[in-house]
Ligand code: PXP
């Protein structure tokens, strides 16, 4: 049964909108843990549009559950990751102008760079995950790179408009997850998951963690963060 890891980036998005101190994403950590999630995910973007270095270092100090750092392969970001030593590093592609992470990593194109970075992260005791599309070739390359996990990009599944398209995308994710499992990779999934679409993904029993952010933070405005997380866990575990 999948676990929930809560992405708290958008608490910082709200703070950055005014450039002040509130709301503080660091304060969310205790609530996330109390509500029963297995960890906290943050993405330290190169443009620092939400999470700041200060957030990451403070979260590292106080977190009792798992800290999953989403990161690009930018050298400065890699150096920060090696300093912070998150429990898990999820390597994602990053483009300055995108609204959010668009598409999975191109493992083939970045193979040598990734090899180097994965080696360094693992030498520092950090579990490595690669955020990729549900694509068999990319999964084989992730295995070749000695990644511990893949995180399957569920964005397309979440965005399609018709039931037929949704079923096609779901099937791709199921096939990718079971294939990855069969070759010894561990599997997480995330992006675009919400209270309406999470159920089918949570039924794929080889998936360990679901990384969910925007829908939970959005709901928390109306019911509070604790309740929003509880509701999501209930859906995932049902
Ligand atoms: N997983 C990855 C790799 C992501 O980049 C993101 C977005 O930061 C998420 C999961 C969470 O996506 P969402 O905010 O749409 O739930």
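So here's what we get for this one:
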read-out: Test: residue 165 is more than 15 Å from the chain's Cα centre (by Cα) and more than 16 Å from the ligand (Cβ to nearest atom); value: yes
read-out: The range 223-232, residues that are more than 13 Å from the ligand (Cβ to nearest atom) and buried (at least 20 other Cβ atoms within 10 Å of the Cβ); value: 225
read-out: Identity of the residue in the range 199-222, touching a strand residue (DSSP E or B) at 6+ places or on another chain (Cβ under 7 Å) and assigned to a helix (DSSP H, G or I), that ends up nearest to the ligand (Cβ to nearest atom); value: 216
read-out: Some residue of the range 141-159 being out of contact with any strand residue (DSSP E or B) (no Cβ under 7 Å at 6 or more places or on another chain), more than 16 Å from the ligand (Cβ to nearest atom) and in contact (Cβ under 8 Å) with a residue 60 or more places away in the chain; value: no
read-out: Residue 132 being under 19 Å from residue 190 (Cβ atoms) and touching a helix residue (DSSP H, G or I) at 6+ places or on another chain (Cβ under 7 Å); value: yes
read-out: Looking only at the range 116-140, and only at residues there that are within 16 Å of the ligand (Cβ to nearest atom) and within 14 Å of residue 179 (Cβ to Cβ), the one that is surrounded by the fewest Cβ atoms within 10 Å (Cβ to Cβ); value: 135
read-out: Qualifying residue in the range 186-196 (condition: crowded, with 16+ Cβ neighbours inside 10 Å, over 18 Å from residue 5 (Cβ atoms) and either within 16 Å of the ligand (Cβ to nearest atom) or modelled with pLDDT under 95 (or both)); value: no
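The values are calculated or read from the model by the stated rules, or taken from the named source; none is laboratory data. Computed from a prediction, not measured in an experiment: that's the story for all the values here. FYI the Cβ positions are ideal-geometry reconstructions off the backbone, even for glycines, and counts take in every protein chain you see.
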